[in-house]
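*Asks:* First the structure, then my questions, so here it is.
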Amino acid sequence: MSTAVLSLPRFRRRVLPGFGLSLGFTLAYLGLIVLIPLGAAFIKASGLSWADFLTAVASPRVVASYKVSFGISLLAALVNGVFGGILAWVLVRYTFPGRRVVDALVDLPFALPTAVAGIALAAIYSKNGWAGQWLEPLWTKGVHQLAVWLPGVDWAGCLGKTIAFDRAGIFLALTFVGLPFVVRTLQPVLAELEPELEEAAATLGANRWQTMTRVILPELMPALITGFALAFARALGEYGSVVFIAGNMPMHSEITPLLIITKLEQYDYRGATAIAVVMLVASFVLLLLINLLQKWSRRYYRV
Amino acid sequence: MSSTTTTPFLSTKRAPVRASGPRVIRNPAWVRWLFMTLALLFVGCFLVLPLAAVFTEALRKGFGPFFAAFTDPDMLSALRLTLLTAAIAVPANLVFGVAAAWCIAKFDFRWKSLLITLIDLPFAVSPVISGLIYVLVFGLQGWLGPYLGAGDHPWFGEWFNAQDIHIIFAVPGIVLATIFVTFPFVARELIPLMQAQGNDEEYAALTLGATGWQTFWRVTVPNIRWGLFYGVILCNARAMGEFGAVSVVSGHIRGVTNTMPLHIEILYNEYNFVAAFAVSSLLALLALVTLLLKTLVEWRAQKGLA
């Protein structure tokens, strides 16, 4: 990275023009579009008394929505971690017909509007859909069977009775929106992985399983965790694709962003803002973690 | 949309495929088949099936009802609003992206990494919250809301008080929310690209007597044009497809403040599935075109690097 700064004198003169103009415009635009409106949420929330804030963000329905949002986002990000990892591996290491098409399709969740994704997933996995007509009876039977084998756990309450319009539907939508993150963070790292590393491991007597788990996987870990965190953060805030397939039952399959909208529609602006602030803090913490992770992984790879 | 500015798509080095490495570093055949099957199953269930479903559901009752969906005046007004929104939001973020990349990539200053993080902020915010914050600023209960409607406000002139300005539940709110959610796209594509290119060519131009603007238009812009194009198509896809943020600020007034994704929701909730999927197919087509262009730009960039 080179700079337009003559380094010697204390009062540095910039050679390229336009620094003041571009920085000024950037800061003004950033302030007006992003910082002031975001600040509005925090200032509005700070107008609430502590007790009011707690009632707004910790009422049973809100807490239930956190559980649904965080729990299912975590699950979806984990599944993306595993399958996205395998997909990245296949795309980098194997040749097969249609590889480039699959590679291009990975970005579909970025390009396809979330509402379209939501109704499409609902159409496929609902009772009459292509996959739903086979999977839904299996799912219902499976949940029923689990309750027989392992009584004591409320399986129907935990897993839901159907796929679409229940918790499993939320999982499908959140997996869809998070799909590209793990693949796209892993691909460049995998591509730069030197074959010598694996050859050395093989020469030293490691079998393929040992090489995969003890040599390759640790190398990939920082990127894998970053991709996982990105997918998790995206899933946490997702709204458009989920509402069409979630069933949206309060206390059971209601995600937090939907609850914010519900509060807004009831003109409960303070309640909505309070929950929004909780979600904002959660995503800022995640953003910070992701930044730290990337710094860590960059240092890790430079060695 | 991806992570922070350190992982731009364009600078992503694509893999040389190495299926035919030495035997010791190849997985056994059954593992390869297992990985391949799992990966393709994953892609099939989550990417191919939804895409195929959109088009088959749209054509379920044949071409007649499919095309009928596009003659609905509400649909046409939704299409117009979507195009208008993108036509404002994308150029606005384009200008911002170029300005931000210029000052960040070409100059050194304090708090630069903080500025980069702040630019990425909108990606970390839930779309619903992106809409909510504009309601908090411009809504009737918000900061500016009370002053925007026609009324007798001290401090303001007569002319301003006579204006009845609507931002929330109107087109300006939709545009603002869209600008917010697509805010980082161009900037995050350009910053790493321009950082990698350095300043040498601009110095040369200045030395040869070019003015600042000449340098910018004739040296910098041609160098970053593919990155620009790349950022713009991604920004445009998101601007036309945004649902959550727009849904909060739109008010869902049919034929007035409905964008295409919101129109899909209304049709779907009215059980007018064919029309909902017909409109969806148009947006899915846009997504496919976006992916195609994106892939072409990536190939070009790769060829340029090679």
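The values are calculated or read from the model by the stated rules, or taken from the named source; none is laboratory data. The shown structure was predicted, so the numbers you read here are calculated from the model rather than taken from an experiment. Here the Cβ positions follow ideal geometry from the backbone for every residue, glycine too, while neighbour counts run over all protein chains shown.
*Asks:* If a residue has to be over 20 Å from B:L262 (Cβ atoms) and more than 8 Å from chain B (Cβ to nearest Cβ) to count, how many in the range A:110-132 make the cut?
*Replies:* Going through the range A:110-132 one residue at a time, the tally reaches 5.
*Asks:* Out of all the residues in the range A:198-212, is one or more within 27 Å of A:F284 (Cα to Cα) and either buried (at least 21 other Cβ atoms within 10 Å of the Cβ) or not assigned by TED's automatic domain parsing to the domain that holds A:T256 (or both)?
*Replies:* So far as the range A:198-212 goes, no, none of its residues is within 27 Å of A:F284 (Cα to Cα) and either buried (at least 21 other Cβ atoms within 10 Å of the Cβ) or not assigned by TED's automatic domain parsing to the domain that holds A:T256 (or both).
*Asks:* Does the range B:141-158 include one or more residues that are buried (at least 19 other Cβ atoms within 10 Å of the Cβ) and more than 8 Å from chain A (Cβ to nearest Cβ)?
*Replies:* yes
*Asks:* Just a yes or no: is a residue in the range B:258-270 outside any helix (DSSP H, G or I) and more than 18 Å from the chain's Cα centre (by Cα)?
*Replies:* Yes, the range B:258-270 has at least one match.
*Asks:* Also, quick follow-up: In the range B:180-201, how many are buried (at least 24 other Cβ atoms within 10 Å of the Cβ) and either at the interface with another protein chain (Cβ under 8 Å from one of its Cβ atoms) or more than 17 Å from B:N93 (Cα to Cα) (or both)?
*Replies:* Residues that pass the stated criteria total 2.
*Asks:* A further question follows. Could you check, for the range A:146-167, whether at least one of its residues is at pLDDT 90 or above and closer than 30 Å to A:V92 by Cβ?
*Replies:* No, because not a single residue in the range A:146-167 is at pLDDT 90 or above and closer than 30 Å to A:V92 by Cβ.
*Asks:* In the list A:G247, A:G237, which residue meets the criterion of being outside the structural domain of A:P37 (by TED's automatic domain parsing) and modelled with pLDDT under 90?
*Replies:* A:G247
*Asks:* Could we say that A:F53 is under 18 Å from B:A105 (Cα atoms) and out of contact with any Leu (no Cβ under 8 Å at 6 or more places or on another chain) here?
*Replies:* No.
*Asks:* Next up: Specify the residue that is surrounded by the most Cβ atoms within 10 Å (Cβ to Cβ); the eligible residues are those in the range B:70-100 that are over 16 Å from the mean Cα position of the chain (by Cα) and within 14 Å of another protein chain (Cβ to nearest Cβ).
*Replies:* Looking at residues that are over 16 Å from the mean Cα position of the chain (by Cα) and within 14 Å of another protein chain (Cβ to nearest Cβ), I get B:A100.
*Asks:* Can I ask one more? Any residue at all in the range B:8-20 that's at pLDDT 90 or above, within 24 Å of B:L296 (Cβ to Cβ) and crowded, with 19+ Cβ neighbours inside 10 Å?
*Replies:* Within the range B:8-20, not a single residue is at pLDDT 90 or above, within 24 Å of B:L296 (Cβ to Cβ) and crowded, with 19+ Cβ neighbours inside 10 Å.
*Asks:* Consider A:G169 carefully, then state whether it is out of contact with any helix residue (DSSP H, G or I) (no Cβ under 6 Å at 6 or more places or on another chain) and touching a residue at least 60 places away in the same chain (Cβ under 8 Å).
*Replies:* Answer is yes for this residue.
*Asks:* Would you pick out the residues in the range A:238-279 that are buried (at least 24 other Cβ atoms within 10 Å of the Cβ) and polar (S, T, N, Q)?
*Replies:* Result: A:S241, A:T256, A:T273.
*Asks:* I need the full set of residues from the range B:266-287 which are facing another protein chain (nearest Cβ under 8 Å) and without any contact (Cβ under 8 Å) to a residue 12 or more places away in the chain, in order please.
*Replies:* B:Y268 - this is the single residue of the range B:266-287 that is facing another protein chain (nearest Cβ under 8 Å) and without any contact (Cβ under 8 Å) to a residue 12 or more places away in the chain.
*Asks:* Additional query: Out of B:L132, B:L121, B:L136, which single residue is closer than 29 Å to A:R270 by Cβ, over 23 Å from the mean Cα position of the chain (by Cα) and facing chain A (nearest Cβ under 9 Å)?
*Replies:* It is B:L136.
*Asks:* Here's another thing I want to ask about it. Go through (1) crowded, with 23+ Cβ neighbours inside 10 Å; (2) in contact (Cβ under 8 Å) with a residue 40 or more places away in the chain and name the single condition A:A120 misses.
*Replies:* (2)
*Asks:* Looking at the range B:155-185, which of its residues are over 22 Å from the mean Cα position of the chain (by Cα) and outside any helix (DSSP H, G or I)?
*Replies:* B:W155, B:F156, B:G157, B:Q163, B:D164, B:I165, B:H166 - these are the residues of the range B:155-185 that are over 22 Å from the mean Cα position of the chain (by Cα) and outside any helix (DSSP H, G or I).
*Asks:* For the range A:260-279, what are the residues that are out of contact with any helix residue (DSSP H, G or I) (no Cβ under 6 Å at 6 or more places or on another chain) and among the basic types (K, R)?
*Replies:* Listed by number, the list holds a single entry, A:R270.
*Asks:* Which members of the range A:38-90 meet the condition of being among the basic types (K, R) and in contact (Cβ under 8 Å) with a residue 60 or more places away in the chain?
*Replies:* A:K44, A:R61
*Asks:* Any residue in the range A:52-69 that is more than 7 Å from chain B (Cβ to nearest Cβ) and under 30 Å from A:L217 (Cα atoms)?
*Replies:* Yes.
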